[in-house]
Amino acid sequence: MTPLVELVGITKAFPGCLANDDVSLAIAPHQIHALLGENGAGKSTLVKIISGVLHQDAGQIIWRGAHVTIRDPAHARALGIGMVFQHFSLFEALTVAENIALGLNDARERVGLRDRIISVSQSYGLPVDPDRVVHDLSVGERQRIEIVRCLLRNPKLLIMMSRRRCSPRKKPKPCSPPCDDWRRKDARSFISATSSMKCARC
């Protein structure tokens, strides 16, 4: 089976730091992969290369059997790669629907957006109210917005940087969606990048 995405010899260095050193990885259609490592291990760098946020210094990316140079996140989304970042990019004074609309460059994608947000969020068990103002939402609800924003684009590969809710008195709780249920539902592939084994078991 041809991999959905294949990384060959990916290398990325920053001043004083070799973040990725000759990394190779292949993900087949309908697979889930956990990218597990401590903070600073290079997980974020690798997934940012796949999603077009960063460019590798060396190595190749093969998407659905063809060599590609992912120019930027918009190009990655056009290919079918979606990413939920660890840090949310939401405007607190805007509603859920307004935040999602800001990321849609094509006016046609905004037609019926409110109804599609409701439909997708309910279908995936991630209920969000498109009319709620982000300022009033919890961290978990804000994460749902980011996931729904990606799912609205129907990506073939969904990359998720895990967030964990931490308290000095409690063990951190994973905040991962049920990837395996979604894989069976939509035949997507997933990368879950996390430093927690619990979060990796999505």
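Here are some notes:
- Rounded accessible area of SER138 (nearest 10 Å², 1.4 Å probe): 60
- Bins of 5 Å, starting at 0 and running to the largest distance - Cα pair percent for the stretch 1-50: 5, 18, 28, 25, 14, 7, 3, 1
- Diffusion constant of the stretch 1-150 at 20 °C, which comes from Stokes-Einstein with the Kirkwood Cα-pair radius and 1.002 mPa s, µm²/s: 125
- Applying both filters, DSSP loop and at most 16 other Cβ atoms within 10 Å, to the trypsin sites (Lys or Arg not before Pro) of the stretch 13-107 gives ARG64, ARG71.
- Per residue, the Cα convex hull of the stretch 1-90 amounts to 113 Å³.
- Residues VAL23, VAL47, VAL111, sorted by accessible area with the largest first, give VAL111, VAL23, VAL47 [1.4 Å probe; ligands and nucleic acids excluded].
- Considering only the stretch 21-162, percent of DSSP beta bridges that pair antiparallel, nearest 5: 50
- Set of aspartates and glutamates with alpha-carbon distance to LYS48 below 12 Å, sequence-local pairs under 8 removed: ASP72
- Cα centroid separation - the stretch 117-132 against the stretch 23-76, whole Å: 28
- Three-way shape call for the stretch 54-101 based on the alpha-carbon gyration tensor, with the a/c threshold at 1.5: prolate
- The figure for SER89 is an accessible area of roughly 70 square angstrom, using a 1.4 Å probe on the protein chains alone.
- If R0 is 35 Å, the Cβ-Cβ spacing of ARG132 and SER24 corresponds to a FRET efficiency of close to 0.20.
- ³J(HN,Hα) computed for each position of the stretch 131-138 - Karplus, 6.51 cos²θ - 1.76 cosθ + 1.60, integer Hz, glycine/proline x: 9, 6, 7, 4, 4, 8, 9, 6
- Förster-model FRET efficiency, 30 Å R0, PHE88 and VAL68, C-beta, rounded to 0.05: 0.60
- Accessible surface, 1.4 Å probe, highest first, among residues GLU98, GLU141: GLU98, GLU141
- Area of ASP115 that stays accessible when all protein chains are in place (1.4 Å probe, Å², to 10): 100
The values are calculated or read from the model by the stated rules, or taken from the named source; none is laboratory data. Small disclaimer: the values here were computed from a predicted structure and weren't measured. Positions of Cβ are backbone-derived with ideal geometry, glycine not excepted, and every protein chain shown enters the neighbour counts. Accessible surface areas use protein heavy atoms only, side chains included; no ligands, DNA or RNA. Shrake-Rupley method; radii C 1.70, N 1.55, O 1.52, S 1.80 Å.
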